[in-house]
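Step one of this worksheet: look at the structure below.
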Amino acid sequence: MQYRAGEEEQQAQSKKALKKQQKEAEKAAKKAEKQAKLAAEQQEADEDDFAKDRYGICPMVQSQQKLDRALVRVQDLTPEKAEQQIWVRARIHTSRAKGKQCFLVLRHQQFTVQALLAVGDRASKQMVKFAANLTKESIIDVEAVVKKVEQKIESCSQQDVELHVERIFVISQSEARLPLQLEDAVRPEGEGDEEGRATVNQDTRLDNRVIDLRTTTSQAIFRLQSGVCQLFRDTLINKGFVEIQTPKIISAASEGGANVFTVSYFKTSAYLAQSPQLYKQMCICADFDKVFCVGPVFRAEDSNTHRHLTEFVGLDIEMAFNYHYHEVIDSITDTMVQIFKGLRDRFQTEIQMVNKQYPSEPFKFLEPTLRLEYKEAVAMLKAAGVEMGDEEDLSTPNEKLLGRLVKDKYDTDFYVLDKYPLAVRPFYTMPDPNNPKYSNSYDMFMRGEEILSGAQRVHDAQLLTERAMHHGIDLEKIKAYIDSFRYGAPPHAGGGIGLERVTMLYLGLHNVRQTSMFPRDPKRLTP
Amino acid sequence: MPMYKSPNVHGHGMNCGEHALQNGEVDPSLKALEERQDEVLRRLYELKATVDGFAKTVTTPDADLDASTPSPGPAESVFKGTADLDSLLGKDLGALRDIVINANPARPPLSLLVLHALLCQRYQVLSSVHVHSSVSAVPPPLLSCLGPRHIDSYARQRFQLGFTLIWKDVSELQMKFSTQSMCPIEGEANVARFLFRLLGAEPQDPAAATQMDCWIDKAVFQLSEGGSKDRAAVLRSLNAALGRSPWLLGQEFSLADIVCACFVLRAGQTTSAPVNVQRWLKSCQNLGHFDCVYPFLQ
């Protein structure tokens with residue numbers, strides 16, 4: 001009977017084996033079925049994707065070819081182009097799929113337009129899916145037909161048209177995770193808190209400046225700033241001024257020893273210029289009569305305030321005059337008024353765009369500019385309850401209060417304060433001829449904050465030496481400067497403004513970092 | 001021109017001075033005749049000037065004119081009262097006491113220009129004109145309406161009073177002085193009343209003061225803001241009052257005359273105004289203070 005037991009075992013074993021085989025066969029069959037299904041689907045997909053030539057990711061543009069293709073800018077998409085088939089390059093601002101449709105908002109600088117891609121005879125399901133999955137901020141080329149719309153598209157800048165997409169290609173893809181969302185970056189502060197939606201704080205913006213600068217607000221701010229620079233140049237050129245460039249690596253601190261950056265200069269050290277002051281004046285002594293310069297200014301001031309930067313752009317003026325330094329004040333104030341008028345008349349779009357996120361009162365001014373004397377300012381402040389000495393410098397809160405008092409009475413955001421006390425001005429300031437306690441110096445204010453400090457300069461080498469000694473300045477260090485006045489020097493005066501501060505105050509913004517593209521302060525050196 | 005031609009004793013086209021007697025001298029009797037003729041002509045001119053002066057004096061009771069000057073300038077000082085700026089405006093603490101007036105360039109405040117001229121005669125006034133950024137451009141006469149810029153205008157401290165006119169897009173004329181202690185004054189007539197007080201010439205008698213206010217209100221509400229019927233009624237009242245006395249308040253020139261005359265002039269059609277009104281307007285013109293107003297009338 002052993003024979004039978006072995007057989008039974010064998011039978012049992014073969015039963016197991018059979019079961020195993022069966023299972024494996026089932027598995028294999030399932031797998032095969034699946035694969036067959038996939039293959040079938042793929043085939044189907046390939047077959048159904050009749051639009052696969054009309055979308056995709058372009059190879060990186062390495063200047064492989066010269067395409068004779070005109071790209072229309074988003075801002076030019078208007079009803080006049082209705083029914084035209086055009087190419088547009090823009091960023092994906094938003095993309096949203098809804099069933100068989102995909103809505104895109106395309107953006108270029110401050111301008112946005114809606115684009116539509118729908119499954120139909122021009123676009124396949126796969127194409128729509130591709131469009132819906134594109135990451136925000138990617139740069140794409142789109143071929144589309146411009147269509148007029150019945151109802152205005154309120155959320156876009158181009159409200160009267162939309163694009164019906166025919167082809168869509170990615171030129172440069174963006175990573176999916178953005179360090180900040182653009183719509184958060186343009187949200188007004190109050191609104192964010194109210195509706196529980198995010199706004200972006202300043203440090204995040206500055207750390208990711210490249211993206212922050214893409215917002216409509218930033219685009220408007222810096223275009224306006226470019227306008228300020230342009231108007232400054234144009235006005236002065238028309239008045240007969242010559243533009244000069246002054247050195248920034250200098251051998252002696254011009255304003256005083258404390259706030260200057262030192263750089264190593266071969267075997268010795270040098271300084272970064274705190275202002276073009278000394279060189280502007282030397283140009284006057286060299287008979288250029290009226291000069292201006294636009295360039296960086298470096299101040300190593302460890303103040304972390306809303307209005308100080310360690311590096312900013314200075315717009316400086318220096319002018320020889322005939323008999324009275326008021327000739328120069330008149331010239332400077334007229335230049336400022338021309339800048340304000342130019343901004344008021346030609347940059348309203350930009351001003352409105354900034355006001356959407358940062359509402360403020362429009363900037364007001366008088367022509368000719370209001371000029372008050374320092375004594376008057378002290379009297380006005382005293383009448384308002386401030387206690388201060390007659391020859392004391394104005395503190396920042398007092399300047400702000402004075403600005404408000406002037407605004408109340410004269411309704412102007414810009415004015416000049418003339419005849420400052422001598423004691424609070426630099427050594428090269430010309431003293432007042434009738435009262436030695438005062439000087440021929442002046443400050444100009446915008447919205448109650450100082451934007452320009454200027455004066456008639458001492459053009460006599462003897463007096464200059466006296467004044468320098470009085471201020472305890474090392475004469476050796478400024479020898480070259482004093483020497484320039486020894487060979488006949490015309491009476492002259494001037495002043496300088498900071499581009500970032502003027503833009504900030506004109507727009508009614510509250511932090512100078514908003515108007516500096518890549519700001520520098522004691523805590524920030526990058527980007 | 002001689003009244004009749006006298007036959008030329010010595011020849012044609014020569015005057016006697018060129019004619020010497022045979023011994024080379026000019027005839028002294030001829031010289032004397034010439035001199036007498038010059039003297040007569042000179043006295044005739046003088047008489048004419050005096051008569052002109054008197055004519056103006058008769059029609060313009062307050063004019064204090066020097067009758068021998070052929071072209072009279074503005075009166076030396078029409079108002080003889082005294083005013084203390086320190087008590088009216090507050091002590092001079094070192095800040096220029098600056099009166100700021102915001103006016104719409106479409107409706108220049110003529111009476112205030114007249115008052116400005118009067119203030120300038122009385123005090124050292126620093127006058128300035130500005131254009132506010134709310135207005136894009138202003139015709140040149142409006143920029144020079146306060147006269148030429150004072151030479152010393154760079155030394156604000158030397159002046160007793162500031163008069164700053166700002167052309168601005170405002171619906172109602174507005175004056176600001178001490179924003180800490182005074183609310184703005186609105187309306188040309190009200191500002192005129194304030195400025196008039198600085199001249200120290202307001203009538204002390206309450207009845208006269210009330211009458212003055214009455215005339216000013218008539219000018220504002222009926223002449224300026226009223227329809228053609230109202231205007232005609234005011235002109236009739238003016239005519240009646242001016243039939244009884246040279247000025248609206250009687251013998252004294254006052255703010256009532258300034259305001260009413262300016263409003264009448266601005267309304268236009270002065271040639272068709274009643275007789276007494278026309279005479280009165282001429283008197284106002286003769287005083288000289290209204291010269292600044294004429295460039296702004298159509």
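The values are calculated or read from the model by the stated rules, or taken from the named source; none is laboratory data. Fair warning: this is a prediction, and the values are worked out from it, not measured in the lab. All Cβ positions, glycine included, derive from the backbone under ideal geometry; neighbour counts span all protein chains shown. When the accessible area is computed, the model is the full protein with side chains, heavy atoms only, and any ligands, DNA or RNA have been set aside. Shrake-Rupley method; radii C 1.70, N 1.55, O 1.52, S 1.80 Å.
Are any of the residues in the range A:183-196 hydrophobic (A, V, I, L, M, F, W, C) and open to solvent by less than 30 Å² (accessible area, probe 1.4 Å)? First the steps, then the outcome.
The initial filter retains those residues of the range A:183-196 that are hydrophobic (A, V, I, L, M, F, W, C), namely A:185-186.
Narrowing the set further to residues that are open to solvent by less than 30 Å² (accessible area, probe 1.4 Å) leaves A:185.
Within the range A:183-196, one or more residues are hydrophobic (A, V, I, L, M, F, W, C) and open to solvent by less than 30 Å² (accessible area, probe 1.4 Å).
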Quiz item: Within the range A:128-143, can one find any residue that is touching a Leu at 6+ places or on another chain (Cβ under 6 Å), open to solvent by 50 Å² or more (accessible area, probe 1.4 Å) and more than 19 Å from A:PHE50 (Cβ to Cβ)?
Solution: no
Quiz item: Can you find even one residue in the range A:425-432 that is modelled with pLDDT of 95 or more, away from chain B (no Cβ under 14 Å) and farther than 24 Å from A:CYS285 by Cβ?
Solution: no
Quiz item: Going by the conditions given, is A:VAL313 away from chain B (no Cβ under 13 Å), over 18 Å from A:GLN225 (Cα atoms) and open to solvent by less than 50 Å² (accessible area, probe 1.4 Å)?
Solution: no
Self-check item: Selection count, the range A:369-412, where residues are at the interface with chain B (Cβ under 7 Å from one of its Cβ atoms), surrounded by fewer than 17 Cβ atoms within 10 Å (Cβ to Cβ) and touching a residue at least 12 places away in the same chain (Cβ under 8 Å)
Solution: 1
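For every residue, the table says whether it meets (1) more than 21 Å from B:ALA192 (Cβ to Cβ); (2) among the basic types (Lys, Arg); (3) touching a residue at least 24 places away in the same chain (Cβ under 8 Å).
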residue: B:SER237; (1), (2), (3): no, no, no
residue: B:LEU248; (1), (2), (3): no, no, yes
residue: B:LEU255; (1), (2), (3): no, no, yes
residue: B:VAL264; (1), (2), (3): no, no, yes
residue: B:GLY268; (1), (2), (3): no, no, yes
residue: B:SER272; (1), (2), (3): yes, no, no
residue: B:SER283; (1), (2), (3): no, no, yes
residue: B:PHE290; (1), (2), (3): no, no, yes
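Say whether the condition of being closer than 22 Å to B:ILE101 by Cα, open to solvent by 30 Å² or more (accessible area, probe 1.4 Å) and either touching a Pro at 6+ places or on another chain (Cβ under 9 Å) or not in a helix (DSSP H, G or I) (or both) is met by at least one residue in the range B:269-288. Before you say what the answer is, go through the steps one by one.
Taking the range B:269-288 and keeping what is closer than 22 Å to B:ILE101 by Cα, we get none.
No, because not a single residue in the range B:269-288 is closer than 22 Å to B:ILE101 by Cα, open to solvent by 30 Å² or more (accessible area, probe 1.4 Å) and either touching a Pro at 6+ places or on another chain (Cβ under 9 Å) or not in a helix (DSSP H, G or I) (or both).
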Quiz prompt | Residues within the range A:342-367 that are more than 21 Å from A:HIS510 (Cβ to Cβ) and free of Cβ contacts under 8 Å to residues at least 12 places away in the same chain, tallied | solution = 2
Self-check item: Check on A:ARG214, open to solvent by less than 30 Å² (accessible area, probe 1.4 Å) and either more than 16 Å from the chain's Cα centre (by Cα) or modelled with pLDDT of 90 or more (or both)
Solution: no
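Only one residue in A:ILE211, A:ILE168 is under 27 Å from A:PHE130 (Cα atoms), in a helix (DSSP H, G or I) and touching a residue at least 24 places away in the same chain (Cβ under 8 Å). Which one?
Details: A:ILE168 fails: in a helix (DSSP H, G or I).
Result: A:ILE211 is the single residue among A:ILE211, A:ILE168 that is under 27 Å from A:PHE130 (Cα atoms), in a helix (DSSP H, G or I) and touching a residue at least 24 places away in the same chain (Cβ under 8 Å).
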Quiz item: farther than 23 Å from B:LEU119 by Cα, of a type outside the set (Val, Ile, Thr) and in contact with a strand residue (DSSP E or B) (Cβ under 9 Å, 6 or more places away or on another chain), is that true of B:ARG279?
Solution: no
Practice problem: Of the conditions (1) under 20 Å from the mean Cα position of the chain (by Cα); (2) closer than 21 Å to A:LEU366 by Cα; (3) not in a loop (DSSP other than H, G, I, E, B), B:LEU119 clears all except one; give me its number. | Solution: (2)
Quiz item: Which one of the conditions (1) closer than 25 Å to A:TYR325 by Cα; (2) more than 10 Å from chain A (Cβ to nearest Cβ); (3) open to solvent by 20 Å² or more (accessible area, probe 1.4 Å) does B:LEU161 fail to meet, given that it meets all the rest?
Solution: (3)
Quiz item: So which residues in the range B:103-127 are touching a His at 6+ places or on another chain (Cβ under 9 Å) and either within 14 Å of chain A (Cβ to nearest Cβ) or among the β-branched types (Val, Ile, Thr) (or both), if there are any at all?
Solution: B:VAL114, B:VAL125, B:LEU126, B:SER127
Quiz item: Are there any pairs with C-beta distances below 8 angstrom linking a residue in the range A:480-492 that is within 14 Å of A:CYS283 (Cβ to Cβ) to a residue that is in a helix (DSSP H, G or I) and open to solvent by 30 Å² or more (accessible area, probe 1.4 Å), with the two at least 6 apart or on different chains, and if so which?
Solution: A:TYR481/A:MET282; A:SER484/A:MET282
Quiz item: Checking B:LYS176 against (1) modelled with pLDDT under 90; (2) within 13 Å of another protein chain (Cβ to nearest Cβ), which test does it fail?
Solution: (1)
Quiz item: How many of the residues in the range A:343-368 are aromatic (Phe, Trp, Tyr) and within 13 Å of another protein chain (Cβ to nearest Cβ)?
Solution: 2
